[in-house]
Amino acid sequence: MEIYVCIKRVADTSEVEIEVDRSGLALEEADFSWDINEWDNFAVEAAVQLKEQHGGTVTAITVGGEDDEEVLRRALAMGCDQALHCYDPAFEKADAWAIATILAAALKGRAIDLLLFGAVSADEGRGQVGGLVAGLLDLPLVSLATALTVDGAKAIVQHEVENGLERVREVDLPAVITVQTGINEPRYVSVRGIRKVAAMDIPVHGVAELGLAAENYASQTNRITLEELFLPPQGVGAQILEGSNEEMMNQLIQLLQENGGL
Amino acid sequence: MYDILGVSGAAVQTLLLLLAASALTYILRRRFGLLRLAAAEPRGGHWGERLRRLLVIGFGQARQPRYLVAGVLHIILFAGFLVLSLRSLSLMVEPYAPGFLSLGEPYATLKDWTGLLVLLSCVVAAWRRVVVKPARYHDRHASQSHTAEALLILGLIAVLMIADALIDGSFWLTGLSPNPPGEINLPAFWIHNTTILIFLCLLPLGKHFHVITALPNVFLSNLNPSGKIKPPSYSESNFDALESVGVSKLEDFTWKQTLDAYSCVDCGRCSDHCPAYATGTPLSPRMLSIKTRDAAYAAYPILGNIVPPQERPALVGETITDAELWSCTTCGACEEACPVMIEYIDRIVDMRRFLVDDGRLPAALQKPLAALEKRGNPYGKMARKRGEWVAEVAPGEVRILAPGESCEALYFTDSCAAFDPRVQQTAVAFANILTQAGVNTATLGAEEVDSGHEARRFGEEGLFMALREKNMEALESRSFQRIVTSDPHALNSLRNDYTIQQPVVHHSQVLAELLQAGKLPLQALADHRRYTFHDPCYLGRHNGEYQNPRSVLEAIPGIQTVEMERSRKRSFCCGGGSLNLFQETECDRRMGEMRVDMAADVGAEVVVTACPFCLVNLEDAVKTTGREGAMEIIDLAELVQRSINGAEQQPLEV
């Protein structure tokens with residue numbers, strides 16, 4: 001089985017004081033630490049587990065800058081067989097649509113049985129790329145998978161739908177599946193594990209290799225333009241109640257009644 | 001004189017000896033087959049110290065009397081073995097040359113008394129096995145009881161004692177007057193000489209293998225400090241060049257680790273002292289040895305073929321579960337309790353190394369480990385904030401040491417004291433005391449990363465090495481007279497995992513020095529509460545420091561101290577440091593909760609400790625056991641500062 005898994009390196013913003021930089025279009029990144037998008041980590045694990053059961057190869061792909069190779073190494077350490085780094089200065093600041101077209105160009109013509117994505121990325125959280133790539137490659141899509149098995153030429157997918165419900169579907173392969181967290185328990189990648197794959201060759205494909213228009217690919221392809229980035233203004237009206245538990249409870253009930261909350 | 005059924009005594013004895021020798025040689029050969037395949041582990045050198053251990057802990061049975069009844073019984077049985085082995089030898093020689101190995105009248109009296117005592121001990125031991133049944137004998141994780149084996153061996157010993165007594169009519173045992181010279185009880189003689197050979201051949205089949213292996217095990221025991229972790233491999237020093245890491249199958253153990261498993265007596269003292277066992281986690285240290293030994297016996301059977309690894313249950317994962325291995329806090333109570341010096345921590349770490357390499361790390365630990373790698377602390381806090389606590393010390397008194405600069409005392413805080421808001425208070429208190437005493441103190445600030453102490457003990461050797469490299473780089477570019485730390489884990493790591501020229505000392509030792517030098521202006525605490533000192537595992541058991549913190553505590557005027565039953569070497573772990581705080585081990589109770597119960601049992605209202613994790617765990621336990629306001633947990637440095645400030649009893653920290 002030929003499995004492809006598309007992953008992204010995102011910033012870990014926990015414990016960091018978020019600030020917008022001088023351009024007003026990006027965040028101050030000095031304090032960020034970077035790692036694989038959490039959802040993508042589950043997708044890689046799912047891909048590797050399927051390979052371990054059914055044989056075949058897993059290829060990890062990312063679209064990103066030079067440093068983003070780090071997440072491909074990590075995927076190799078988890079058990080992916082090969083990786084592809086779509087990197088070109090012209091890809092800088094690509095939006096979801098541009099990224100999807102780059103991935104589609106990288107995947108076109110390959111024998112794909114299963115194409116996995118994380119359901120959403122932790123940075124902008126739009127959850128678009130998996131679906132867009134499925135459309136571009138004209139493949140069936142199941143999103144937000146919480147369980148995944150493969151039986152012959154079919155995948156059996158349990159996935160989240162509206163109103164907190166889940167449903168089980170069968171889908172013919174090849175197919176695109178976006179993976180929800182909790183679908184498995186991703187294995188740990190040790191420092192030694194990363195070092196063991198340090199020498200593995202990761203091909204880098206830019207506009208030329210992918211057959212894309214060379215100049216300013218991202219800015220020409222992007223469909224979203226970022227106008228301004230700002231922190232939400234501090235709200236007003238927050239109130240901290242004081243006193244014993246009972247007093248605070250009474251104050252709260254009173255406030256809710258006065259303001260129409262009860 | 002020894003002829004029986006018309007066959008000459010010498011011939012019968014020769015036949016018995018040949019049979020026993022060939023059986024025993026064969027059995028031992030099979031048993032040691034695994035050891036020949038085992039990984040290397042150097043245990044030579046320091047012969048004087050080895051001999052001392054052999055004499056004190058081996059022949060001297062120094063660790064036995066901690067359990068008084070069982071210990072004394074064992075000492076009698078062991079001494080009996082030594083005394084009576086001479087007698088047995090002489091009886092073996094008898095059929096060839098009667099009277100040749102005559103041992104004289106005083107020895108005859110000694111062996112009679114010994115035989116009587118041994119027989120009585122067998123009766124008491126059997127009675128304990130069958131009637132008393134001390135809780136320690138049965139492990140709740142054990143699938144089979146060793147009572148039958150114990151009774152069989154006790155029975156054989158009893159047969160030997162009785163037969164021996166009957167051979168020439170021991171007065172003490174039989175009440176008979178001694179046989180006339182030259183006359184012996186022939187059946188008793190042959191029963192004795194046959195039984196002893198059967199006994200010998202039975203030893204390597206079960207837990208009584210220790211009769212053969214325990215003394216060598218003590219002689220070859222680990223002479224490194226118990227806080228030092230063995231390297232992943234002794235034969236390949238380049239970690240990255242190793243094909244596989246850690247222990248996943250029997251053959252991956254070092255020969256000493258297998259000998260440890262063979263030497264386990266199933267006495268249960270390790271598990272009786274183990275905080276993980278006491279709190280109902282899946283871990284029981286003795287079962288690690290028993291299960292490893294049983295797996296080794298099954299894979300390398302006396303009869304039949306060796307079972308190849310792929311046809312056995314997985315040693316790590318099935319025989320010994322992941323959860324068992326993650327339950328250990330490496331507190332070392334088991335190793336301290338073992339009468340035959342079996343080592344547990346290295347074995348557990350080696351099996352964890354395999355789990356980490358195999359990616360099998362509990363989900364709860366993955367984030368803190370990633371944070372250690374990316375940000376140098378398990379909390380995921382920003383590295384540049386590591387030194388911010390110094391702002392709380394008297395302004396300008398504690399410097400962040402820049403490369404090339406020098407200081408007297410370099411304070412290595414490690415992550416907990418640097419980032420945990422509660423523990424920062426202890427760092428501030430300690431730094432204040434140092435500066436008030438005129439010690440030129442500095443810290444590394446953002447250039448320091450986690451010592452990696454727990455990362456290494458959780459089996460993530462690669463991460464530990466990366467952290468050590470960063471710290472060494474920072475340390476080597478600065479000059480200082482010594483390193484001081486308030487974290488016993490950092491103390492242990494810097495002493496045992498790092499190679500640092502300057503001395504590394506713990507803050508309790510520094511406080512004791514300042515006290516000696518008259519630089520701690522301690523004032524009375526108007527306090528009628530009872531204080532007790534909780535020994536942190538990595539300060540006490542692993543680094544031998546029990547007295548200095550007590551000296552400081554007792555020097556504070558006006559306070560009354562009391563010792564918990566489990567103190568000093570027998571201290572009970574609070575729940576473990578660093579990464580242990582992120583674990584979600586299945587258990588009945590938390591270790592910290594049991595520990596504050598123990599403090600309450602001796603009427604202590606203030607528990608003084610000298611470790612950031614003890615502080616955090618025990619404070620949590622005070623809350624979860626509903627003792628808020630009734631019991632205070634405080635770090636030694638904070639208490640000293642309180643006393644210097646001459647404060648009236650301060651309100652309890654909440």
note = One finds the C-alpha centres of the range B:44-116 and the range B:481-514 to be spaced, in Å, by 44
query = What's the average, rounded to a whole number, of partner chain beta-carbon atoms within 10 Å of each residue's beta-carbon in A:22-31?
reply = 1
note = Reduced to Cα centres, the span from the range B:271-325 to the range A:137-171 in Å works out to 41
ask   = How about B:K374: which lysines have a C-alpha closer than 23 Å to its C-alpha, ignoring those fewer than 8 places off in the same chain?
value = A:K8, A:K196, B:K385, B:K470
ask   = In degrees from 0 to 90, rounded to the nearest 10, what is the angle of the helix B:104-127 Cα long axis to the longest principal axis of chain B?
value = 60
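Multiplying the sequence separation of B:F100 and B:N224 by 0.36 nm and subtracting their Cα-Cα distance, what value in nm do you get? Show your work: numbers first, answer last.
Details: separation 124, 0.36 × 124 = 44.64 nm, distance 4.70 nm.
My answer for the length gained is 39.9 nm.
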query = ³J(HN,Hα) across the range B:364-376 via Karplus (A = 6.51, B = -1.76, C = 1.60, θ = phi - 60°), whole Hz, x for Gly/Pro?
reply = 5, 8, 5, 5, x, 5, 4, 5, 4, 5, 7, 10, x
message = Give me a comma-separated list of calculated 3J(HN,Hα) values for the range B:627-643, in order, Karplus coefficients 6.51, -1.76, 1.60 applied at θ = phi - 60°, integers in Hz, x for any Gly or Pro.
response = 9, 4, x, 9, 9, 10, 10, 8, 7, 3, 5, 5, 5, 4, 4, 4, 5
request  = Using only Cα atoms, locate the centre of the range B:589-648 and the centre of the range B:424-456, then give the distance between them in Å, rounded to an integer.
outcome  = 22
inquiry  = Given points 7 Å out from each Cα along the Cα-Cβ axis, report the B:V93 to B:R422 separation in nanometres with one decimal.
reply    = 6.9
In degrees, nearest ten, helix B:461-476 long axis to first principal axis of chain B (Cα) = 50
task = Specify the angular offset, from 0 to 90 degrees and rounded to the nearest 10, of the alpha carbon long axis of helix A:96-107 from the longest principal axis of the alpha carbons in chain A.
result = 20
Ellipticity estimate at 222 nm from DSSP helix runs (n ≥ 4, -39,500 (n - 2.57)) divided over chain B, nearest 500 = -14500 deg cm²/dmol
message = Could you tell me the calculated FRET efficiency between B:A21 and B:V130, based on Cβ-Cβ distance and R0 = 35 angstrom, to the nearest 0.05?
response = 0.55
message = Skipping prolines and chain starts, which residues have an amide H placed within reach, meaning under 5 Å, of the one on A:S121, given they are 5 or more residues away or on another chain?
response = A:R126, A:G127
ask   = With the Cα gyration tensor of the range A:86-195 giving a ≥ b ≥ c as the square roots of its eigenvalues, does the rule (a/c under 1.5 for rounded; else a/b larger than b/c for prolate; else oblate) give rounded, prolate or oblate?
value = rounded
message = To make sure I understand, if each residue's beta carbon is the centre and we count other beta carbons within 10 Å, what order do B:L117, B:L618, B:L17, B:L525 fall in, fewest to most?
response = B:L17, B:L117, B:L525, B:L618
query = Given H placed on each backbone N at 1.01 Å, which residues far from B:T254 in sequence or on other chains put an amide H within less than 5 Å of it?
reply = B:A39
task = Using only the Cα atoms, work out Rg/Rh for the range A:2-221, with Rh taken as the Kirkwood radius, to two decimals.
result = 0.96
note = Per the helix-only model, chain A has a calculated mean residue ellipticity at 222 nm (DSSP H runs of ≥4, -39500 (n - 2.57) each, divided over all residues, rounded to the nearest 500) of -8500 deg cm²/dmol
key: All-pairs alpha carbon distance profile, the range B:530-645, 5 Å steps from 0, percent   = 2, 12, 23, 26, 20, 11, 4, 1, 0
key: Least to most buried among B:C328, B:C587, B:C574 (fewest other Cβ within 10 Å first)   = B:C587, B:C328, B:C574
Long-range HN-HN contacts of A:T178 with modeled amide H, under 5 Å = A:F117, A:V142, A:S143, A:L144, A:A145
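When only C-alpha pairs under 8 Å and at least 6 residues apart count, what is the relative contact order of chain B, in percent? Walk me through the numbers before you get to the answer.
Numbers: 1039 pairs, mean separation 80.0, N = 654.
About 12 percent, as a whole number.
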query = Per residue Cα convex hull volume for the range B:197-236, in cubic angstrom?
reply = 120
request  = Note down the relative contact order for chain A as a percent, whole number, built from C-alpha pairs under 8 angstrom at least six residues apart.
outcome  = 23
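State, as an integer percentage, the relative contact order of the range B:241-357 based on alpha-carbon contacts under 8 Å between residues 6 or more apart.
On the way: 138 pairs, mean separation 47.0, N = 117.
Computed value for the range B:241-357: 40 percent relative contact order.
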query = Which whole-Hz couplings ³J(HN,Hα) result when phi for each residue of the range B:422-437 is put into the Karplus expression 6.51 cos²θ - 1.76 cosθ + 1.60, θ = phi - 60°, listed in order with x for Gly and Pro?
reply = 5, 6, 3, 4, 6, 5, 5, 4, 5, 5, 4, 4, 4, 5, 5, 7
task = Round to the nearest 0.05 the FRET efficiency obtained for B:K623 and B:R43 when R0 = 41 Å and r is the Cβ-Cβ distance.
result = 0.35
inquiry  = For a quick check: sort B:T25, B:T14, A:T146 by the number of other beta carbons within 10 angstrom, fewest at the front.
reply    = B:T25, B:T14, A:T146
message = What does the structure give for A:179-191 when I average, per residue, the other chain Cβ atoms found within 10 Å of the residue Cβ?
response = 5
query = Under the classification rounded if a/c is under 1.5, otherwise prolate if a/b is larger than b/c and oblate if not, where does the range B:426-518 fall, given a ≥ b ≥ c as square roots of the Cα gyration tensor eigenvalues?
reply = prolate
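Bear in mind these aren't lab numbers, they're just calculated from the coordinates by the rules spelled out. Quick caveat, the model's predicted, so the values are computed rather than measured. For neighbour counting, all protein chains shown are included, and Cβ atoms are generated from backbone atoms with ideal geometry for every residue, glycine included.
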